[in-house]
Amino acid sequence: MVFKHDVVIVGAGLAGLRAALEVAGNVDVALISKVYPTRSHSGAAQGGIAAALGNEEPDSWEWHMYDTVKGGDYLTDQHVAEILATDAPRAVYELEHLGVPFNRTPDGKIAQRAFGGHTRDFGKAPVKRACYAADRTGRVMMDTLYFQAERKGIKVYPELQMLDLIFKDGQVAGLVAYELATGDVHVFHSRVVMLATGGYGKVYKTTSNAFANTGEGVYIPYRAGIPLEDMEFVQFHPTGIYGMGVLLSEAARGEGGILRNGSGERFMERYAPTIKDLAPRDMVSRAIRTEILEGRGIGGKDYVHLDLTHLGEQKLAERLSDITSFVKIYLGIDPAKELIPIQPTCHYMMGGIPCNVDGHVLGGSQEVVPGLYAAGECSCLSLHGANRLGCNSLLDLVVFGRRTGLQIGRDLAGLPWQELPRNPERPALERIRKIKERKAGEKAAHLRSRLQETMTLRCSVFRHEETLVQALSEIRSLEERYGKVVIDNRGARFNTDLLDALELEALLGLAEAITVSALNRKESRGAHSRDDYPERNDEEWLKHTLIQKTDGEVRVFYKPVHITRFQPKPRTY
Amino acid sequence: MGRSLKFNIFRYNPEDPASVPHMETFHLEETDAMTLFIALNRIREEQDPSLQFDFMCRAGICGSCAMLINGRPDLACHTKTKGLPEEITLLPLPVFKLIGDLSVDTGTWFRAMNEKVQSWVHTDKVFDPQAPEERMENQLAEEIYELERCVECGCCVAACGKANMRPEFMGAVAFNRIARFMMDPRDQRTGDQYFEVVGNEEGIFGCLGLLGCEDVCPKDIPLQDQLGLLRRKMGWQSVRHLFSKLLPE
Ligand SMILES: Cc1cc2nc3c(=O)[nH]c(=O)nc-3n(C[C@H](O)[C@H](O)[C@H](O)COP(=O)(O)OP(=O)(O)OC[C@H]3O[C@@H](n4cnc5c(N)ncnc54)[C@H](O)[C@@H]3O)c2cc1C
C-alpha cells in the first residue's frame, strides 16, 4: 500500500514524540515505530534530566555548558552545548507544565540530585542538577508526551519497521516499511522524513539497551551514502548488573552510592580525587576495568561492587525503588543489606547521523539533505562529544526534538512533493525474497552472537590496534557469511526470524563503522581509549570523524570542532 | 546440572483458518538465573522460530511481556524459573485481542482507554517559557508519581473478573489514571467532569470488588486504595447529581 503524509517521523521515543507535537496541527504528520510507542526505549531512562535550575544550590547554564564540553573531552561542538544548557530550564519547566511528576524540594520546586560529571563553578565540586521522578524519569516523560500526542490525535503506525529511505533527485520522497502483523511491505510517500530511531547497543553482547535497538535508522542512511559521525565513541555505563547488562542508574551514585573493589576499597578516590564516584562514565568504566585487569575485582573475577547499604531503606524506597526491586528480583539481593555485583555495560552511542542544530541531516560535503531530519540518540549533533554526561540525553531529546519539529514547520513550504520513483519497494522486497528462498546457510541469531561477542571482547572500554584489526577481520568475515543467512520461519505474520536476519545487516554495518573509526583515531579521548595511544592528542585529533560508504569501500575523513568559550585543557576531576 | 523444565505453551494463529488453539510442549534445561523471558527466547531460537511472544526492555519497565504464568498474570522478564515448579504453563493474557500464541494487542486497548479517560492534564493555563515551575508539595508529587508508575502491561485487566465478562469495562488501570489526575492540582477538571467519565457501569460502579487487580500488579501499585477513594468520591458525586436533578436551582 502507499500511504501519504507531509511528514513521517520514524521512531516514537521522546525525540520523535517531541518533534511530532511541534509539527502536529499545522501539517499532516504520522509516526511509525517498530515497537508499540510507549514501549520505546526512552521509557527505560531512570536517573533524570539535567537543567541548571539552581533549585537546590547555586547553578548556572555556563557551568552546565562547561561540564558538557569537558565531559565530552572537548570534542563537543560548543555552540551546540550552549543551546542545550541555555534552553534546558525552559524544557524542564515545560515538562512540568504538561504534568510530569517531578520530585520536589521542601519549598515545592523541582528537586535535583547530583549526577556524574555535573559540577559547580567549573569543576570545583559536584552540583545537584538532575531533575527526576524517582528512578523512572524516562517512563513518566514518555507517557506524558504520548498522551499529548493522543490528545492531538497524531496518527501512529505501530509495529512498522523502516527498511529503506526513498530519494528522488537528492531530496527525500518517503520510505519503505515492513508491517510486522502481515509481512506486507508498504510505501510512505512524504515531503519530510525525520529519523528518531534511538541507539544501537545491540552491536554489543553486554548492553543496557533493549532488543529493538538494532540501528536500522542509522544504517539505512549510511547505506544510502550519507556519512556517519564520531562512530568510535561508544559509552559504557559503569554499573550494569553483572552478567545481564541491565542498568543500575547513576542516580544510585548520585544519591551517595559507592564503588568498591575486591578488598572493599573505594577505588574511585584514586582515579578522580575531587568528585570520586561521580566522575564521568568513561573514566569510571575504565577505572573498573583497570581494577579487574589488575586483579582487584571481587574474588579476582570480572566485576566490582556497588555499595548502597549506607543509604538506608527509606531513601532506597523513595528515590531508587525500581532499581531496588529489580536487584531483588534478578539477583536475589537486598541492596539495603548487601553489595551489588556490577560491570560496565554498553549504554549509549555518541556517534550517529550528522546533523546541524535544527535537525537537518548533513551529507558528505556538509550540505543539507533536503527533506531529511534527525534527532535523539540516532543523530550526532556533536553535542556529547567523546563522552555523554548522564541526564544530558533526555534533555537533548526534548530540546533538539522540539527544534527539529519547529524547523520542519519552517521548511515545509520550500519542500514540494517529489514524484515517487518506480517501484521504490523493490530492493527491500528482493532482500526479503532472497532470505526467504535460501535453503542452506547460517542462522542470524548465531552470526549475531558472534558479532556481539567480538565487539564486546575487542572494541569496548579499552582498545588496541591489534584487537581492532582482529575485530575488523572478524566483522568482514561475518559480513560474508551473512550473504548466506537462512531462516526457518517462512511465514508472513510476526516473522521475528526474518526481522532478526534483516536487522543483522544493520548491526554488521554499524559494527564495521565503529571499528574502522576506532582504528583510525590514534589517540585516547573520552570513551575511546587506546592502550597503544594512551594520551589525548589535540594537535592532530581535535576533529570529528566522518565515515562514508562509497561503492563498497568506506572512506574516512574529518571535520573541525566548534570551539567558542572553552579552550581544551587536560581533563582531570 | 539444572532441572529439566517442561513448558506447556498455548499455540494459535487466529488469522489462519487451519489453525486450532492447542497446547504445545517444549523441554529446556534450567540455567542459572533463568527468567521466563530467557527461556522463551531460547525456545524460539533453538526449537521453534514461529513462537510468538512480546518483549522489549527485559527490565520490567516497558510492559510488553505480560502473560498468564501458571494461571497468574505477570511479566515474563522478571519471573525467575527458580521460583516455579518444573512444569510451567503459559497462556496469553485474556481480555486483549490475541495476535498469536502468547502475544496480545495491549496497545489498542490502552490507547482507547487513555482517550476515554483523557489521560492528560486539562488546563487553560498557557505555558509561559519565562516563568519558573508551579510549586507543589513533595508529598503530593510522590503520591502522583506512585500512580504514574503504571507500565500498561495489562495484568490487572487480565485478572479482572468484570473485564473478562464485559470487555468494555474500564478496569483498575483506568481508575488509577483518573485518580492520578484528580489528585493533580494542575488538572482543572471538575468532579462532574470526572464523574461523566467513570461514574457509570462501564466505570467505577461496575467494579465487582473482586480485587484481582491489585494482587497481580507487577509494580505493586495500590490499586485497591484508588478504587476505594474513587468510589467514595464518585458516590458523593452521584448523590449530588441526583439532588441537582431533583432540586433544580
Ligand atoms: C537503561 C537506560 C537508562 C537511561 N537513563 C537515562 C537517564 O537517566 N537520563 C538520560 O538523559 N538518558 C538516559 N538514557 C539514555 C536515553 O534514555 C536514550 O538515549 C534515549 O531515550 C533515546 O531516545 P530516542 O528518542 O532517541 O530513541 P528511543 O526512545 O530508543 O526510541 C526509538 C524509536 O525508534 C523506533 N525505531 C527504531 N528503529 C526503527 C525502524 N527501523 N523502523 C521504525 N521504527 C524504528 C523504535 O520503535 C522507537 O519508537 C538511558 C538509556 C538506557 C538504555
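The values are calculated or read from the model by the stated rules, or taken from the named source; none is laboratory data. Quick caveat: nothing in here was measured; it's all calculated off a predicted structure. Note that we place each Cβ from the backbone using ideal geometry, even for glycine, and neighbour counts take in every protein chain shown.
Taking strands (runs of 3 or more DSSP E) as the structural unit, those lying wholly within region B:1-106 and holding at least 1 residues that are more than 14 Å from every other protein chain (Cβ to nearest Cβ), surrounded by fewer than 18 Cβ atoms within 10 Å (Cβ to Cβ) and charged (D, E, K, R) correspond to B:4-11, B:22-29, B:72-75, B:87-91.
So, in region B:191-213, exactly how many residues are more than 19 Å from B:Pro94 (Cβ to Cβ) and part of a loop (DSSP other than H, G, I, E, B)?
So the count comes out to 5.
Of the residues making up region A:226-255, those that are within 11 Å of the ligand (Cβ to nearest atom), assigned to a loop (DSSP other than H, G, I, E, B) and over 20 Å from A:Thr456 (Cα atoms) are A:Ser249, A:Glu250. Of the residues making up region A:1-39, those that are at pLDDT below 95 and among the hydroxyl-bearing types (Ser, Thr, Tyr) are A:Tyr36, A:Thr38. How about region A:155-178: which of its residues are part of a loop (DSSP other than H, G, I, E, B) and within 11 Å of the ligand (Cβ to nearest atom)? Answer for region A:155-178, where residues must be part of a loop (DSSP other than H, G, I, E, B) and within 11 Å of the ligand (Cβ to nearest atom): just A:Glu159. In region A:25-52, of all residues being more than 14 Å from the ligand (Cβ to nearest atom) and surrounded by fewer than 22 Cβ atoms within 10 Å (Cβ to Cβ), the one that is nearest to the other protein chains (Cβ to nearest Cβ) corresponds to A:Gly25.
Need pairs with beta-carbon distance below 9 Å; first residue without any contact (Cβ under 8 Å) to a residue 12 or more places away in the chain and within region A:197-222, second within 6 Å of the ligand (Cβ to nearest atom) and not in a helix (DSSP H, G or I); sequence gap 6+ or separate chains. Filtered contacts from region A:197-222: A:Phe211/A:Val35. Among all residues of region A:255-276, there is at least one that is aromatic (Phe, Trp, Tyr) and touching a residue at least 24 places away in the same chain (Cβ under 8 Å). Taken over region A:331-356, the residue count meeting the criterion of being surrounded by fewer than 24 Cβ atoms within 10 Å (Cβ to Cβ) and small (Gly, Ala, Ser) is 2. The residues of region A:450-498 that are among the hydrophobic types (A, V, I, L, M, F, W, C) and away from chain B (no Cβ under 14 Å), listed by number, are A:Leu451, A:Met455, A:Leu457, A:Cys459, A:Val461, A:Phe462, A:Leu468, A:Val469, A:Ala471, A:Leu472, A:Ile475, A:Leu478.
Determine which member of the set A:Arg139, A:Arg151, A:Arg191 is within 8 Å of chain B (Cβ to nearest Cβ) and over 22 Å from A:Tyr348 (Cβ atoms). Just a single option satisfies the conditions, and that option is A:Arg151.
The rows are residues; the columns are (1) over 15 Å from the mean Cα position of the chain (by Cα); (2) within 12 Å of chain A (Cβ to nearest Cβ); (3) over 19 Å from A:Val140 (Cα atoms); (4) of a type outside the set (Ser, Thr, Tyr).
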residue	(1), (2), (3), (4)
B:Val151	no, yes, no, yes
B:Arg166	yes, no, yes, yes
B:Met183	yes, yes, no, yes
B:Asp187	yes, yes, no, yes
B:Gln193	yes, no, yes, yes
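Restrict the check to region A:211-225 and report whether at least one residue is assigned to a strand (DSSP E or B) and not hydroxyl-bearing (Ser, Thr, Tyr). Scanning region A:211-225, I find no residue that is assigned to a strand (DSSP E or B) and not hydroxyl-bearing (Ser, Thr, Tyr), so the answer is no.
In region A:399-423, the residue that is nearest to A:Leu145 (Cα to Cα) out of those that are within 16 Å of the ligand (Cβ to nearest atom) and in contact with a Gly (Cβ under 7 Å, 6 or more places away or on another chain) is A:Gly401.
Identify the residue in region A:75-123 that is charged (D, E, K, R) and closer than 25 Å to A:His528 by Cα and, among all such residues, is surrounded by the most Cβ atoms within 10 Å (Cβ to Cβ).
Within region A:75-123, the first condition is being charged (D, E, K, R), and the residues that meet it are A:77, A:82, A:87, A:90, A:94, A:96, A:104, A:107, A:109, A:113, A:120-121.
From the residues that got through so far, the ones that are closer than 25 Å to A:His528 by Cα too are A:77, A:82.
Details: A:Asp77: 25, A:Glu82: 20.
Going through the qualifying residues, I end up with A:Asp77.
A:Asp164 satisfies every condition listed in (1) under 24 Å from B:Gly63 (Cα atoms); (2) at pLDDT 95 or above; (3) not hydrophobic (A, V, I, L, M, F, W, C) except (1).
One residue stands out in region A:189-217 among those that are more than 9 Å from the ligand (Cβ to nearest atom) and farther than 25 Å from B:Phe37 by Cβ: the one that is surrounded by the most Cβ atoms within 10 Å (Cβ to Cβ), namely A:Met194.
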